[in-house]
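Just below is one structure, and these are the notes that go with it.
The values are calculated or read from the model by the stated rules, or taken from the named source; none is laboratory data. Bear in mind that the values here come from a model prediction, so they are computed numbers and not experimental data. Because the Cβ atoms are built from the backbone with ideal geometry, glycine has one as well, and the counts that use them run over all protein chains shown. Ligands, DNA and RNA are stripped out before the accessible areas are found, and what is left, the full protein with its side chains, is counted by its heavy atoms. Shrake-Rupley method; radii C 1.70, N 1.55, O 1.52, S 1.80 Å.
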Amino acid sequence: QVQLVESGGGLVQAGGSLRLSCAASGRTFSSYTMGWFRQAPGKEREFVSVITRSGDGTDYADSVKGRFTVSRDNAKNMVFLQMNSLKPEDTAVYYCASTRLLVGTWPHDYDYWGQGTQVTVSS
């Protein structure tokens, strides 16, 4: 079982940056592909980014490409989401999640989820 805890959310003005972190428990972190999702009020949870087990493969939603960067540190059981040039439409609760699949872009691909961290971007 994997336990995930996100941090780093907050209130930022449009154009600003935030770095989200996700700390994972367990000794098998490097065997999981890690994803970031977000959910805005009244909307379904949506894919943001994914990073493969070794970190050599990444993918992004079109809405965040060129602005967000995902990375991981397997030695520290951490995954990160650097968010730049933030827009009001990025406002949501952001979740990290883990899967045994090689890659996944749908919520149902993932087995374990963190509690989420709120990101609010003001205009």
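Tell me yes or no: at least one residue of the range 59-69 is open to solvent by 20 Å² or more (accessible area, probe 1.4 Å), among the aromatic types (Phe, Trp, Tyr), touching a strand residue (DSSP E or B) at 6+ places or on another chain (Cβ under 9 Å) and free of Cβ contacts under 8 Å to residues at least 40 places away in the same chain. Checked the range 59-69: at least one residue is open to solvent by 20 Å² or more (accessible area, probe 1.4 Å), among the aromatic types (Phe, Trp, Tyr), touching a strand residue (DSSP E or B) at 6+ places or on another chain (Cβ under 9 Å) and free of Cβ contacts under 8 Å to residues at least 40 places away in the same chain.
For the range 70-113, a residue qualifies if it is open to solvent by less than 40 Å² (accessible area, probe 1.4 Å), over 14 Å from TYR32 (Cα atoms) and of a type in the set (Phe, Trp, Tyr), and the qualifying residues are PHE80, TYR94, TYR95. Report whether or not VAL64 is modelled with pLDDT of 95 or more and under 18 Å from GLY114 (Cβ atoms). The answer is no for VAL64. Within the range 6-38, the set of residues being of a type in the set (Phe, Trp, Tyr) and in contact with a strand residue (DSSP E or B) (Cβ under 6 Å, 6 or more places away or on another chain) comprises TYR32, TRP36, PHE37.
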